[in-house]
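The values are calculated or read from the model by the stated rules, or taken from the named source; none is laboratory data. Since this is a predicted model, take the numbers as computed values, not measurements. When we count neighbours, we look across all protein chains shown, and the Cβ atoms used for this are built from the backbone with ideal geometry, even at glycine.
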Amino acid sequence: MKGDLRAIDVKDKKVLVRVDFNVPLSKDYKVTDDTRIRGALPTLLYLVDQGAKVIVMSHLGRPLKKLLPDGTVDRDQFSLRHIVADFSKLIGQPIAFVDDTIGDEVSKNINTLQSGDILLLENTRFYPGEEKGDPQLANQLASLGEVYVNDAFGAAHRAHASTTLVADHFDESHKAFGFLMQKELDNAKKIQTNPARPFIAILGGAKVSDKILLIEALLEKADKIIIGGGMAYTFLKAQGGNVGNSMVEEDKLSLAIELMNKATSINKQIVLPTDSIAADKFAPDATYRNVSSDAIPDGWMGLDIGLEARIDYTRQLEGAGTVLWNGPMGVFEMEAFAHGTKAVAQAVAQATKNGAFSLIGGGDSAAAIEQSGLADQVSFISTGGGAMLELLEGKTLPGVTAILK
Ligand code: AMP
């Protein structure tokens, strides 16, 4: 099978592994969430165990967007050396680090590697060619290893030098998906091909415009699409409701109508919240009350799904065969407006207990599941919000295609 890491003999080979170590750092450069490092461990431990010489590369942040006043990259703020201690502790062995990504110094370090050693390279995004998908940079990166492994699912939707173009330099018996990447693809497939019915998608978040392609794809695949979050109010207003000052994308009102008409014509349902928690301002200390979603008083705004909607959504999810959840039901960063999202997290966990396959599409919904302590009660939490979204929209991811060709 193409892309299968276990089918490649990596013993004593220089294996170049692209991971996603784009972790959040505190002001004093401490890793505040090591989920992404832990995500790559199965692949890296396997390579160490097989006696490979492991060369790890990743991006960290967006250094080219925050250049120093003299126009150079901030090699301190965005250095991957900040994560070496955590990485070393988590994997249980010392990690060598070199403060460049390509070049003589890197080659020298690689030549000293013994089988089972790990060398971490500096941030791939220090080179402008990374995000531009520069073939020359890809060539230089490829020259560092004999085998290429891509385990950076979170960056697989980008055609960057280290995620995509580099793979062109390896034939099919010298490149593979890492285990995290493979797991993400396998779980997405459970949604894409023959999902257990009924397949219920629950979508939230700020804007309809970010989710149009997903909604269109789900109208084909899912049996029902339940909507919450800011995006619900564009649909509610399009239906003639009074949504006060709620978040509305005026230029998407006719699209919302189109999507609802399309759903009706193919016998599918788009479900909207019957009631909302409306607030008098966008603030944690706002005054709020439960109101009908189509009668939000002027000057007030819907910041969460209401009490009835929570019960309704919980019931709808009860008998699901497959559940996909992407996006919070309200402004869950503020405690007062986090209850709808928490209720949905509970409902997804309950549906899973009842036998559904549940996939949490990364980002805010993943955070909400973690915060609710329900991470081990859903089937799969994606580590790549953007990449998973594109996959579920039916797009092919360049980082995936590059391994398979
Ligand atoms: P997204 O990145 O599209 O998934 O959107 C997530 C953001 O949507 C979060 O920061 C939420 O605070 C925000 N959000 C959710 N519901 C609402 C709402 N009713 N009004 C305004 N913002 C919302």
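Below are the figures for this structure:
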item: Residue ID - farthest from LEU214 (Cα to Cα), chosen from residues in region 320-342 that are away from the ligand (no atom under 14 Å from the Cβ) and buried (at least 21 other Cβ atoms within 10 Å of the Cβ); result: ALA320
item: Region 239-254, residues that are in a helix (DSSP H, G or I) and either within 13 Å of the ligand (Cβ to nearest atom) or within 26 Å of ALA279 (Cα to Cα) (or both); result: GLU250, ASP251, LYS252, LEU253
item: Condition check for ARG38: over 21 Å from GLN140 (Cα atoms), in contact with a helix residue (DSSP H, G or I) (Cβ under 8 Å, 6 or more places away or on another chain) and among the basic types (Lys, Arg); result: yes
item: Residues (part of a loop (DSSP other than H, G, I, E, B) and surrounded by fewer than 21 Cβ atoms within 10 Å (Cβ to Cβ)) located in region 9-22; result: ASP9, LYS11, ASP12, LYS13, ASN22
item: Residue match in region 344-352 (condition: under 26 Å from the mean Cα position of the chain (by Cα), more than 19 Å from ASP223 (Cβ to Cβ) and crowded, with 24+ Cβ neighbours inside 10 Å); result: yes
item: Boolean, ALA278 is touching a residue at least 40 places away in the same chain (Cβ under 8 Å) and assigned by TED's automatic domain parsing to the domain that holds SER209; result: no
item: Helices (runs of 4 or more DSSP H) wholly inside region 290-405 containing at least 2 residues that are farther than 30 Å from VAL166 by Cα; result: 307-318, 339-353, 363-371
item: Single condition THR352 does not satisfy, out of (1) more than 23 Å from PHE21 (Cα to Cα); (2) of a type in the set (S, T, N, Q); (3) not assigned by TED's automatic domain parsing to the domain that holds GLY204; result: (3)
item: Residue under evaluation ARG36, criteria (1) buried (at least 19 other Cβ atoms within 10 Å of the Cβ); (2) modelled with pLDDT of 95 or more, criterion not met; result: (2)
item: Top-ranked residue in region 255-277 [being assigned to a strand (DSSP E or B) and either charged (D, E, K, R) or in contact with a Leu (Cβ under 7 Å, 6 or more places away or on another chain) (or both); ranked as farthest from the ligand (Cβ to nearest atom)]; result: ILE270
item: Residue within region 95-108 that is at pLDDT 95 or above, within 20 Å of the chain's Cα centre (by Cα) and of a type outside the set (Phe, Trp, Tyr) present; result: no
item: Residues satisfying the stated conditions in region 247-273, i.e. touching a strand residue (DSSP E or B) at 6+ places or on another chain (Cβ under 7 Å) and without any contact (Cβ under 8 Å) to a residue 40 or more places away in the chain; result: MET260
item: Pair list, Cβ < 7 Å and 6+ apart or interchain, from region 47-65 residues that are surrounded by fewer than 17 Cβ atoms within 10 Å (Cβ to Cβ) to residues that are aliphatic (A, V, I, L, M); result: LEU64/VAL73
item: Matching residues, region 205-219, being assigned to a loop (DSSP other than H, G, I, E, B) and either of a type outside the set (Gly, Ala, Ser) or in contact with a Phe, Trp or Tyr (Cβ under 8 Å, 6 or more places away or on another chain) (or both); result: LYS207, VAL208, ASP210, LYS211
item: Among residues of region 191-238, those that are within 16 Å of the ligand (Cβ to nearest atom) and of a type outside the set (D, E, K, R), counted; result: 26
item: Long-range neighbours under 7 Å by Cβ, at least six apart or interchain, first residue among the β-branched types (Val, Ile, Thr) within region 348-367, second within 16 Å of the ligand (Cβ to nearest atom); result: VAL348/TRP325; ILE360/TRP325; ILE360/ALA366; ILE360/ILE369; ILE360/ILE381; ILE360/SER382
item: Any hit, region 311-323, residues being closer than 28 Å to MET1 by Cβ and touching a Phe, Trp or Tyr at 6+ places or on another chain (Cβ under 8 Å); result: yes
